[in-house]
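These notes concern the structure reproduced below.
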Amino acid sequence: MTTYRALTRRGVSTRTAAVLVGLPRSTATRAPRTLARGPALVPANKLGVLERGRILAVVNSPRFVDLPPIQITHGPAC
């Protein structure tokens, strides 16, 4: 891709530069993707360590251990 950009900066047409580099012109002229970097956002409703531990204790209890999560939260077992 850098070769393509170097050629076009020197006045070579985009069509010719794409042929020389061996790329489709649509791919060569597409704007490069830039990754958005920043701090990882923490959800406002993230469970705390104690809350998570309590939930796991209940879910893994003998009463619920054989049920899928959807049945624990919405099923008749509650």
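The values are calculated or read from the model by the stated rules, or taken from the named source; none is laboratory data. As the structure is a computational prediction, the values presented were derived from the model and not from experiment. Cβ: placed from backbone, ideal geometry, glycine included. Neighbour counts: every protein chain shown.
Which ones in the stretch 13-49 are assigned to a loop (DSSP other than H, G, I, E, B) and either in contact (Cβ under 8 Å) with a residue 24 or more places away in the chain or in contact with a strand residue (DSSP E or B) (Cβ under 8 Å, 6 or more places away or on another chain) (or both)? Before the answer, list the steps.
So the first thing to find is which residues in the stretch 13-49 are assigned to a loop (DSSP other than H, G, I, E, B), and the list is 13, 22-24, 30-48.
Of everything in the stretch 13-49, just one residue is assigned to a loop (DSSP other than H, G, I, E, B) and either in contact (Cβ under 8 Å) with a residue 24 or more places away in the chain or in contact with a strand residue (DSSP E or B) (Cβ under 8 Å, 6 or more places away or on another chain) (or both), namely Pro32.
Criterion first (touching a Lys or Arg at 6+ places or on another chain (Cβ under 8 Å), surrounded by 10 or more Cβ atoms within 10 Å (Cβ to Cβ) and among the hydrophobic types (A, V, I, L, M, F, W, C)) does Ala6 satisfy it?
Numbers: touching a Lys or Arg at 6+ places or on another chain (Cβ under 8 Å): no; surrounded by 10 or more Cβ atoms within 10 Å (Cβ to Cβ): yes; among the hydrophobic types (A, V, I, L, M, F, W, C): yes.
Answer is no for this residue.
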Check your understanding: Among the residues of the stretch 21-30, is there at least one that is closer than 30 Å to Ala6 by Cβ, at pLDDT 90 or above, exposed (fewer than 10 other Cβ atoms within 10 Å of the Cβ) and assigned by TED's automatic domain parsing to the domain that holds Thr2?
Key -> yes
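Which residue is modelled with the highest pLDDT, if the candidates are limited to the stretch 55-71 and must be hydrophobic (A, V, I, L, M, F, W, C) and exposed (fewer than 10 other Cβ atoms within 10 Å of the Cβ)?
Initial filter on the stretch 55-71 (hydrophobic (A, V, I, L, M, F, W, C)): 55-59, 64-65, 67, 70.
Subsequent filtering for residues that are exposed (fewer than 10 other Cβ atoms within 10 Å of the Cβ) retains 57, 65, 70.
Numbers: Ala57: 92, Val65: 87, Ile70: 85.
Ranking the qualifying residues of the stretch 55-71, first place goes to Ala57.
Can Arg52 be described as in a helix (DSSP H, G or I), more than 21 Å from the chain's Cα centre (by Cα) and either in the same structural domain as Thr2 (by TED's automatic domain parsing) or surrounded by 10 or more Cβ atoms within 10 Å (Cβ to Cβ) (or both)?
On the way: in a helix (DSSP H, G or I): yes; more than 21 Å from the chain's Cα centre (by Cα): yes; either in the same structural domain as Thr2 (by TED's automatic domain parsing) or surrounded by 10 or more Cβ atoms within 10 Å (Cβ to Cβ) (or both): yes.
Yes; evaluated as a whole, the condition is true for this residue.
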